[in-house]
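The values are calculated or read from the model by the stated rules, or taken from the named source; none is laboratory data. No experiment lies behind these values; they were computed from the predicted model shown. Positions of Cβ are backbone-derived with ideal geometry, glycine not excepted, and every protein chain shown enters the neighbour counts.
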Amino acid sequence: MYSRASAVLFIALCCAGPASANSIGTEHEAPYEVCALCHSLDGNSRMAKFPKLAGQPAPYIEKQLYDFLEGRRTNGGGQMAAIVTEISTEDFAEVAAWFASQTAPAPNDQGDVGAGEAAFRQLGCLSCHANGQLEDGTPHLTAQHKIYLKKQMTDFRDGRRDNDLGAIMRSAMTGISDAQIEDLASYLSATQRGTP
């Protein structure tokens, strides 16, 4: 048998209406926390599909956010095009600064990387991607997920990604073989940030 207190509680709950996601209270959530589900809060994503953002130059990160928002860049599944709409453009700089300030990732152990290092130097990649001497809009490639690197290089080569300034990456990847991309990705993912 129900008590009078139980009946009052039951009526109060019924009258309260259904809960919504907005009632959880995300108003105090930092904008970069939206990105943490895929990229981890410290920017060192655990899944190879999602790039490590920790220690990347803030201008590069901010440009990618705008490029996804404005349709200049896409990704498989369209997750980024959707998720950037959940962040105010006024907060893009804060998001970029947060991930730029995080500790750079450790390299991955990918075995023999000699062929990739030779290709990296011969293809002139150092002119833009020399660690510690990056232009504002150029990302670090070292200590990144190998699978992610391979996909981005292949996408530039095959025309599926075209948000590079001045078509620099599309030009650099022209004529590059799958084997060379494999070697480059192996070398870069296994290389400590700060070198070469």
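Summary of values
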| item | result |
| --- | --- |
| Considering residues of the range 37-72 that are surrounded by fewer than 18 Cβ atoms within 10 Å (Cβ to Cβ) and of a type in the set (G, A, S) only, the residue nearest to S88 (Cα to Cα) | G71 |
| Residue in the range 91-102 that is more than 21 Å from Q56 (Cβ to Cβ) and outside any helix (DSSP H, G or I) present | no |
| Residues that are of a type in the set (V, I, T) and in contact with a Phe, Trp or Tyr (Cβ under 6 Å, 6 or more places away or on another chain), drawn from the range 36-91 | I61, V84 |
| Positions within the range 88-106 being in contact with a helix residue (DSSP H, G or I) (Cβ under 8 Å, 6 or more places away or on another chain) and surrounded by fewer than 18 Cβ atoms within 10 Å (Cβ to Cβ), in sequence order | S88, T89, D91, A93, E94, A97 |
| Candidate set from the range 164-195 (those that are β-branched (V, I, T) and in contact (Cβ under 8 Å) with a residue 40 or more places away in the chain); member that is surrounded by the most Cβ atoms within 10 Å (Cβ to Cβ) | T191 |
| Set G175, G194: member being assigned to a loop (DSSP other than H, G, I, E, B), at positive phi and over 20 Å from the mean Cα position of the chain (by Cα) | G175 |
| Matching option when the condition is among the charged types (D, E, K, R), within 19 Å of D155 (Cβ to Cβ) and not in a loop (DSSP other than H, G, I, E, B), among K49, K63 | K63 |
| Where a residue in the range 141-163 is more than 13 Å from Q56 (Cβ to Cβ) and its partner, wherever it lies, is among the β-branched types (V, I, T) and part of a helix (DSSP H, G or I), with Cβ under 7 Å and at least six apart | K150/I181; M153/I181; T154/I181 |
| Residue ID - farthest from A36 (Cα to Cα), chosen from residues in the range 107-127 that are under 21 Å from the mean Cα position of the chain (by Cα) and at pLDDT 90 or above | C125 |
| Extreme residue, nearest to K146 (Cα to Cα), among residues of the range 66-90 that are part of a loop (DSSP other than H, G, I, E, B) and at pLDDT 95 or above | R73 |
